[in-house]
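Let me begin by presenting the structure, written as structure tokens, before commenting on it.
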Amino acid sequence: FGNLNRLINGGDNLFADITEQDTTFPAYDVAYDTDIFPAPFLIDIDNDGKKDMIVSPNKEGISENFKNVAYYKNISADETYEFSFQQDSLFVSDMVDVGEGSRAVFFDHNADGLMDIVIGNNGYYNDGDFITALALYENTGTASDPVYTLITRDYANISIFGFQNIAPAFADLDGDGDEDMLFGELNGFLQFFENKADAGEPADFPTLSANYKGIDIGLKSTPQIIDVNEDGLVDLIIGEQNGNLNYYENTGASTAPAFTLINGLWGDVDVRSIGSTTGNSVPHLMKDDTGNWQLFVGCEEGTIFLYEPTPDFTGTFTKITNTFSNIDEGSFSSVYFQDITEDGSPELLTGNYRGGITLYREEGTFDAIIDTDINSNINIYPNPVGDLLKYNIYPESIFESAQIFDITGKLIIEIKLDAFKTIYVSHINPGLYFIRFSNNATVSEVKKFIKQ
């Protein structure tokens with residue numbers, strides 16, 4: 001079912017007697033309707049002391065994945081409930097969200113020297129189908145202080161071709177000095193768009209060259225374009241659904257590339273979890289600050305694998321970890337490194353199945369950063385809470401203070417942590433809050449709780 005039902009108990013707390021039913025609740029306003037499994041919750045969204053209603057679908061893959069958090073404000077003048085529809089994208093409208101299955105890369109689309117973000121996806125759910133497209137977020141800030149603004153959800157009008165599971169990559173593939181576009185897709189082919197823009201002009205991708213070079217790796221191709229053997233010609237590393245990597249060497253010329261499959265199980269990389277037949281590898285090869293090659297691979301499990309390649313890229317690569325920096329994107333992680341702030345340290349951009357992106361910065365370089373290696377363990381309880389919020393932290397010495405914020409970001413409470421491990425919250429309004437544990441070294445960790 002895709003609707004909400006309200007049942008009115010005309011009996012009492014001992015003997016229920018349903019005397020009234022609203023099968024399209026709230027029929028008196030804008031009835032909620034989705035494809036399947038709506039999940040309603042009562043919570044005070046706006047901190048006015050009255051519980052509002054939010055509704056979201058509860059089934060992945062076959063339900064709304066973009067405009068998927070409906071907000072109904074409680075406008076009742078008394079203790080009853082009267083809901084007024086406000087919007088269908090609560091919180092989501094303030095996030096980067098491309099529906100389902102984000103795969104994000106940096107690309108300077110307008111040739112202004114600032115790195116923009118292009119995000120491929122599995123698609124936006126649309127009445128049982130998926131509309132797959134590229135989203136473009138332009139850097140409207142500066143090199144040292146990037147700010148990303150949504151320009152379009154259908155960059156280069158990719159949606160008209162009907163591809164699914166798009167994974168973009170950009171590089172100069174024809175030797176004319178500008179970056180072309182290549183993307184992987186569900187059926188395992190690569191799709192090529194030559195950049196026809198003049199020098200210094202925004203990229204222009206007018207024409208599709210389908211099934212580039214006849215390359216077909218099976219299912220869910222995810223390419224990276226990089227000069228692996230450092231011969232001046234860009235090569236291809238392609239991930240796939242099976243969790244391995246395919247290495248295609250460019251045996252042609254800079255203006256006329258020809259790609260030859262060297263190894264379909266490159267480095268014996270395998271990012272499948274135990275017992276799984278699929279791994280959905282997303283590769284990113286790069287050099288560290290000492291000039292040594294590192295191979296990062298996103299995967300279906302949501303973590304990031306790190307491999308050390310052999311000097312000549314033959315044989316079996318050394319797996320360093322399958323949980324790089326303890327990052328866990330939930331499922332279907334993608335990975336892309338780029339120094340977007342020109343400070344000499346690359347940022348890490350990841351995608352995930354949920355359709356959002358995450359930007360990570362190197363520890364010790366930036367002030368506002370959650371340290372992913374502090375190995376802290378924080379429990380807050382009870383949650384929801386009435387009057388007294390308790391917490392346990394291990395190790396105890398890692399944090400010194402706590403700050404509680406409402407959903408607008410307003411600071412409500414700030415305390416020094418002590419041996420009592422309690423915070424009085426009886427005086428704050430019911431609703432959703434965030435508590436940040438921190439110390440003077442800018443290490444912080446955030447939890448959320450509901451005040452009843």
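The values are calculated or read from the model by the stated rules, or taken from the named source; none is laboratory data. Worth saying up front: this structure is predicted, and the values here are computed from it rather than measured. Glycine gets a Cβ as well: all are built from the backbone with ideal geometry, and neighbour counts include every protein chain shown.
For the stretch 171-215, the set of residues classified as surrounded by 16 or more Cβ atoms within 10 Å (Cβ to Cβ) and in a strand (DSSP E or B) consists of Ala171, Asp180, Met181, Leu182, Phe183, Gly184, Phe189, Leu190, Gln191, Phe192, Phe193, Leu208, listed by residue number. Which of the residues that make up the stretch 114-126 are in contact (Cβ under 8 Å) with a residue 12 or more places away in the chain and not hydroxyl-bearing (Ser, Thr, Tyr)? Passing the criteria: Leu114, Met115, Asp116, Ile117, Val118, Ile119, Gly120, Asn121, Asn122, Gly123. Only residues that are in contact with a strand residue (DSSP E or B) (Cβ under 9 Å, 6 or more places away or on another chain) and either among the aliphatic types (A, V, I, L, M) or in a helix (DSSP H, G or I) (or both) were counted in the stretch 377-408, giving 10. Filtering the stretch 92-126 to residues that are surrounded by fewer than 18 Cβ atoms within 10 Å (Cβ to Cβ) and over 21 Å from Asn157 (Cβ atoms) leaves Ser93, Asp94, Met95, Asp112, Gly113.
Restricting Ile357, Ile327, Ile304 to residues that are modelled with pLDDT under 95 and either within 24 Å of the chain's Cα centre (by Cα) or over 22 Å from Ser221 (Cα atoms) (or both) narrows the list to Ile327. Ser89: of a type outside the set (D, E, K, R), surrounded by 14 or more Cβ atoms within 10 Å (Cβ to Cβ) and in contact with a Lys or Arg (Cβ under 9 Å, 6 or more places away or on another chain), yes or no? Against the criterion (of a type outside the set (D, E, K, R), surrounded by 14 or more Cβ atoms within 10 Å (Cβ to Cβ) and in contact with a Lys or Arg (Cβ under 9 Å, 6 or more places away or on another chain)), Ser89 qualifies.
Among the residues of the stretch 246-277, those that are closer than 13 Å to Thr314 by Cα and either under 23 Å from the mean Cα position of the chain (by Cα) or assigned to a loop (DSSP other than H, G, I, E, B) (or both) comprise Gly264, Leu265, Val269. A count restricted to the stretch 128-150 and to residues that are closer than 30 Å to Gly2 by Cβ and part of a loop (DSSP other than H, G, I, E, B) stands at 4. Taking Glu347 as the residue in question, decide whether it is buried (at least 20 other Cβ atoms within 10 Å of the Cβ), within 17 Å of the chain's Cα centre (by Cα), over 30 Å from Lys59 (Cβ atoms) and acidic (Asp, Glu). For Glu347, the condition - buried (at least 20 other Cβ atoms within 10 Å of the Cβ), within 17 Å of the chain's Cα centre (by Cα), over 30 Å from Lys59 (Cβ atoms) and acidic (Asp, Glu) - is met. Looking across the stretch 70-113, the residues that are in a loop (DSSP other than H, G, I, E, B), touching a residue at least 60 places away in the same chain (Cβ under 8 Å) and hydrophobic (A, V, I, L, M, F, W, C) come down to Met95, Val96, Val98, Ala111. Report yes if Tyr433 is among the aromatic types (Phe, Trp, Tyr), buried (at least 18 other Cβ atoms within 10 Å of the Cβ) and either within 22 Å of Met95 (Cβ to Cβ) or modelled with pLDDT of 90 or more (or both), otherwise no. Yes. Of the residues making up the stretch 374-406, those that are surrounded by fewer than 17 Cβ atoms within 10 Å (Cβ to Cβ) and closer than 22 Å to Asp44 by Cα are Tyr381, Pro382, Asn383, Pro384, Gly386, Asp387, Leu388, Lys390, Gln403.
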